[in-house]
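To start, the structure itself, in structure tokens.
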Amino acid sequence: MNNKLYGNLIFELSQPGRKGYSLPKNRYGEGYRVPQELRRQEDALLPECDELTVVRHYTNLSNNNFGVDTGFYPLGSCTMKYNPKINEEMAALPQFQNLHPLQPAETTVGAQAVCTLLCRALCQLTGLHAFTLKPFAGAHGELTGLMIIKAYHESRNDMQRTKVIVPDSAHGTNPASAAVCGLDIVEVKSTPTGLVDLDDLKRLVAEQGPSIAAMMMTNPNTLGLFERQIPEIEQLIHECGGLMYYDGANLNPMLGAARPGDMGFDVMHINLHKTFSTPHGGGGPGAGPVGVREGLEQFFPKVSPYHGNFAVAIRAYAYILSLGREHIKEVGPLATLNANYIKESLKDVYELPIDGLCKHEFVFDGLKDKSTGVTTMDVAKRLLDYGYHAPTIYFPLLFHESLMIEPTENESKETLDAFISVMRRIAEEAKSQPDEVKSAPHLTPIGRVDDVLAAKHPIVTFKQLIHDAD
Ligand SMILES: *Cc1c(COP(=O)(O)O)cnc(C)c1O
């Protein structure tokens, strides 16, 4: 920001004839020249810059990134947490990094051991029988899990089971995965207290029991609430012949507290990139291993070549080992403590639609004082001015002004206190200087962008250069 070259594209810094490199002469003579038919007719349109300009340009750009290594990242439902550097070192070991999936099995015993031991650890942490590491993401894991469920019903010649029950608070990938798997979605309502409405579920089961393939649940659900009626729900679904699917994308609140396998779930996925610490964002990288109870492992489909996203598996295994059996038990309780600490410290100024104990995350419905006209979007934008990444906003869809906060288990009390004081300050500003908040951010390189236009009509070419070249 304080660099006057900031904001330029590398092409705009270009000076005709300026070079940051020199290539050695072709020492091998004419015989080694690139054949004429393979050569360019004209020079490529590349920026011409000196080396320091290039280095500074990209370093300044990188300084505009926000990440878990630069600041607090309270993004709900997407668990962005501490990514220990030791994981990166393990994943970068040449013995792992230089493997080829087609090399002889006897030369990859160490890598196979990582996969086997990680699966074993996941079984122990979830109470399930077997895991496959093949899926590349949470949504891919959901699809894999539903394919397993479909194959199970088909193996029993139970062909009419085509429906999947999904709570209205579910992550959008749940209904999307069911649809991609060729299954129909049946929505079950939430009660005013944010849990699955058991009466609505009973009605659905009574009406559609023989056609129900599965019920998908997220627990703690996307409101951060523990679904206390799982024993009844599990019984209802199993009695009608369906299976129970557990969306374990954000498993951190459960580690050391409870296991999906013990709750009666048959199939689940885990987002290694969330719960087990692979840095992710902008679409990857990820891994969504799927676990099943005994008797379902023969239905594991082939959803990716080879062994899935192996580098993510290494990081997850390194994370599990570095926490160890003792400390991994503290993950869930600490994630829960941190979320409740923020919630209780802010609920007098932010609207808490569902009071009570939450797990790893919770949802505010905007500011408590609605008279100021300051929206959740404004609060999120103003947070950027104070150096914080915005929480998840306008999801879940159950409230108009959703502001979803997850601190994760790794943050210190000082970090949480600093965030709380900024959130309180913004609530104060909403009253004393609402226009300042409504026009935020003021300190970022660019202000508010048109998100829809930017996503639907991205401009990814440098017009001026192309124009000049015409
Ligand atoms: C993130 C998330 C998903 C999807 O995971 P991806 O890896 O982004 O595909 C599914 N369910 C829940 C609850 C999530 O938070």
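The values are calculated or read from the model by the stated rules, or taken from the named source; none is laboratory data. Since the model is a prediction, treat every value here as computed from it, not as a measurement. Note that each Cβ is placed from the backbone with ideal geometry, even for glycine, and that neighbours are counted across all protein chains shown.
Some points to look at:
- Residue match in the stretch 55-74 (condition: more than 16 Å from the ligand (Cβ to nearest atom), outside any loop (DSSP other than H, G, I, E, B), of a type in the set (Val, Ile, Thr) and surrounded by 11 or more Cβ atoms within 10 Å (Cβ to Cβ)): yes
- Restricting the first member to the stretch 373-399 and to residues that are of a type in the set (Asp, Glu), and the second to residues that are at pLDDT 95 or above, the beta-carbon pairs closer than 7 Å and six or more apart or on different chains are Asp378/Val437; Asp378/Lys438; Asp378/Ala440; Asp385/Ala440; Asp385/Pro441; Asp385/His442.
- Only one entry of Ala178, Ala137 meets the criterion of being touching a Gly at 6+ places or on another chain (Cβ under 7 Å), among the aliphatic types (A, V, I, L, M) and within 16 Å of the ligand (Cβ to nearest atom), and that entry is Ala137.
- Hits in the stretch 82-116 - residues which are among the β-branched types (Val, Ile, Thr) and part of a helix (DSSP H, G or I): Ile86, Thr107, Val109, Val114, Thr116
- Selected residue [within 16 Å of the ligand (Cβ to nearest atom), on the phi < 0 side of the Ramachandran plot and in contact (Cβ under 8 Å) with a residue 24 or more places away in the chain] from Gly248, Gly194, Gly209: Gly248
- All of (1) within 24 Å of Thr79 (Cβ to Cβ); (2) touching a strand residue (DSSP E or B) at 6+ places or on another chain (Cβ under 6 Å) hold for His171 with one exception: (2).
- Considering Glu330, Glu344, the condition of being free of Cβ contacts under 8 Å to residues at least 40 places away in the same chain and more than 14 Å from the ligand (Cβ to nearest atom) is satisfied by Glu344 alone.
- Residues that are under 13 Å from Asp266 (Cα atoms) and either of a type outside the set (Val, Ile, Thr) or within 13 Å of the ligand (Cβ to nearest atom) (or both) within the stretch 118-134 comprise Cys123, Gly127, Leu128, His129, Ala130, Phe131, listed in sequence order.
- Among (1) in contact with a Phe, Trp or Tyr (Cβ under 7 Å, 6 or more places away or on another chain); (2) within 16 Å of the ligand (Cβ to nearest atom) - the single one Ile148 does not satisfy: (2)
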